[in-house]
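Taking it in order: structure first as structure tokens, then the write-up.
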Amino acid sequence: MTRPSPGMREAMVNAEVGDEQWREDPTVTELERRAAELLGHAEAVFLPTATMSNEIALQILGVRGTELIVEESAHLMIAELGGAAFHSGLQTRGLPGQRGRLAPEQVRRATRVSEGFHIPRTSVLALENTHNMSGGSLWPLDELDAVVATARELQLRVHLDGARLMNAALALGVPAARIASQFDTVTICLSKGLGCPLGALIAGSEELMLRARVEKHRFGGAMRQAGIVAAAGIYALDHNVERLADDHARARRLGEGWQARGVPVDLEGVVTNFVQVDVAALGLTTEEAVARLRDEGVALSPTAGGRLRAVTHLDIDDDDVERALDAVPRALGVLAHA
């Protein structure tokens with residue numbers, strides 16, 4: 001929902017460009033260098049979308065006819081149109097998570113190691129941080145480290161869908177590389193909290209990123225003077241990372257304020273920039289609730305289990321939060337019961 005800021009638009013207008021397909025666009029090259037350093041990897045590749053980044057990761061990490069393990073409500077599982085099977089020939093095995101997180105023993109039990117003719121072995125584990133469908137939840141570092149260590153022990157390749165990784169890093173108070181560097185590949189998205197009009201990056205080793213560039217072309221993601229949009233990414237890394245803390249604080253303000261006004265909110269789950277509202281508990285369908293909220297000038301979107309999500313971002317300021325604190329209870333009909 002974000003729109004490029006005036007400063008970002010100016011950076012895009014003034015971007016130095018070249019032929020990105022031949023790695024002659026200096027702005028794309030600089031963004032890729034910056035992203036690789038940020039994520040603790042040798043190299044990064046600029047792509048149009050995080051979905052393409054995730055699917056390329058599976059293509060270069062997985063083995064056709066084997067299994068991918070992923071949390072059952074992860075973006076890779078429910079929002080990429082079966083891409084793991086379609087593009088990479090991977091059978092996907094979804095496991096139930098706790099706020100989007102898997103336990104080491106779950107991964108151990110689910111991993112198939114048979115070399116027989118009938119049972120596909122497991123080749124890839126993919127994790128998501130922060131986890132979209134769980135309300136922007138994040139992985140505690142010790143849990144993440146333990147799951148990745150288990151995957152390594154089982155000789156699995158590991159991918160991180162870090163579309164909102166910068167939110168996780170900021171909330172945990174650690175550099176992004178502390179989280180991302182232990183994975184074979186990692187995705188970050190530029191068009192969410194970082195406020196770019198489009199763009200994502202995949203990072204990994206030089207060998208893997210050479211393969212990623214091949215798949216980028218095969219997927220139709222190779223571009224020409226892409227520095228115009230890469231400049232937005234560089235601007236975002238310079239100006240829009242630390243300010244994610246404002247989004248987190250505003251989400252907390254919304255969650256606490258709505259709960260005090262009688263809105264059923266999962267306050268324990270408000271750890272980054274998401275607030276989940278259980279409209280089913282009010283006897284409303286998500287469609288009914290969205291329509292009521294729209295009439296009050298508030299945009300929330302449906303998520304899993306009869307809930308709506310509110311997502312704070314750089315175009316939402318304190319005044320917007322204050323208006324939403326009153327408008328949402330009024331639209332959902334809870335003020336009279338609060």
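Tell me the mean residue ellipticity at 222 nm calculated for the chain from its helices only (DSSP H runs of n ≥ 4, each -39500 (n - 2.57), averaged over every residue, nearest 500).
Working: 14 runs with 145 residues, N = 338.
So the calculated ellipticity at 222 nm is -12500 deg cm²/dmol.
Taking the centroid of alpha carbons for each part, segment 274-338 and segment 8-80 are 33 Å apart.
Using a probe radius of 1.4 angstrom, the carbon and sulfur fraction of the accessible surface of segment 24-124 is 55%.
Solvent exposure of the chain, expressed per residue, is 44 Å² of accessible area, with all protein chains present and a 1.4 angstrom probe. Rounded to the nearest 20, the Cβ-based charge dipole of the chain about its Cα centre (Lys and Arg +1, Asp and Glu -1) stands at 720 debye. A protection proxy built from the mean count of other Cβ atoms within 10 Å ranks the segments 88-98, 15-25, most packed first, as 88-98, 15-25.
Assuming a viscosity of 1.002 mPa s and a temperature of 20 °C, what translational diffusion coefficient in µm² per second does Stokes-Einstein assign to segment 220-325, Rh being the Kirkwood radius over Cα pairs? Before the final figure, lay out each step's value.
Values: Rh = 15.4 Å.
My calculation gives 139 µm²/s for D.
Distance between the pseudo-spin-label points of D238 and M1 (7 Å out from Cα toward the beta carbon): 2.8 nm. Rounded to the nearest 20, the size of the Cβ-charge dipole of segment 287-338 about its Cα centre is 340 debye, with Lys and Arg at +1 and Asp and Glu at -1. Given R0 = 45 Å, the distance between the Cβ atoms of V214 and A245 translates into a calculated FRET efficiency of 0.75. In segment 47-144, the DSSP beta bridges split such that about 20 percent are antiparallel, to the nearest 5. Peptides 209-221, 266-278 ranked from most to least packed by the mean count of surrounding Cβ atoms within 10 Å: 266-278, 209-221.
Here the dipole of segment 1-114 is about 740 debye; that uses its Cα centre as origin and unit charges on the Cβ of Lys and Arg (positive) and Asp and Glu (negative). Across segment 111-144, no residue has a backbone nitrogen under 18 Å from the label position 7 Å along the beta-carbon direction of F86. Considering only beta bridges that DSSP places wholly inside the chain, some 55 percent are antiparallel. Atom-type composition of the exposed protein surface of segment 134-250 places 52 percent of the accessible area on carbon and sulfur (1.4 angstrom probe).
Since only M166, V13, V70 are under comparison, the one whose Cα sits farthest along the positive direction of the charge dipole of the chain, derived from C-beta charges on Lys, Arg, Asp and Glu, is V70.
Which one, M223, G283, L210, is farthest towards the positive end of the dipole of the chain when Lys and Arg carry +1 and Asp and Glu -1 on their Cβ? Farthest towards the positive end: G283. What residue among R309, R164, R121 has the largest mean-square fluctuation in a Gaussian network model of the chain, using Cα springs under 10 Å? Comparing R309, R164, R121 in the GNM, the peak value goes to R121.
Among the listed values (i) 46, 21, 17; (ii) 31, 23, 19; (iii) 33, 27, 17, the one matching semi-axes √(5λ) of the Cα gyration tensor in Å as calculated from this structure is (iii).
The DSSP beta bridges internal to segment 135-243 are antiparallel in roughly 60% of cases.
What is the extension gain from A42 to D142, computed as 0.36 nm multiplied by their sequence separation minus the C-alpha to C-alpha distance, in nm to one decimal?
On the way: separation 100, 0.36 × 100 = 36.00 nm, distance 2.42 nm.
Result for the pair: 33.6 nm of gain on full extension.
The values are calculated or read from the model by the stated rules, or taken from the named source; none is laboratory data. Note that the structure is predicted; figures quoted are calculated from it, not measured. As a convention, Cβ positions derive from the backbone with ideal geometry for all residues, glycine included, and neighbour counts pool all protein chains shown. Just the protein is used for accessible areas: all its heavy atoms, side chains included, with ligands, DNA and RNA removed. Shrake-Rupley method; radii C 1.70, N 1.55, O 1.52, S 1.80 Å.
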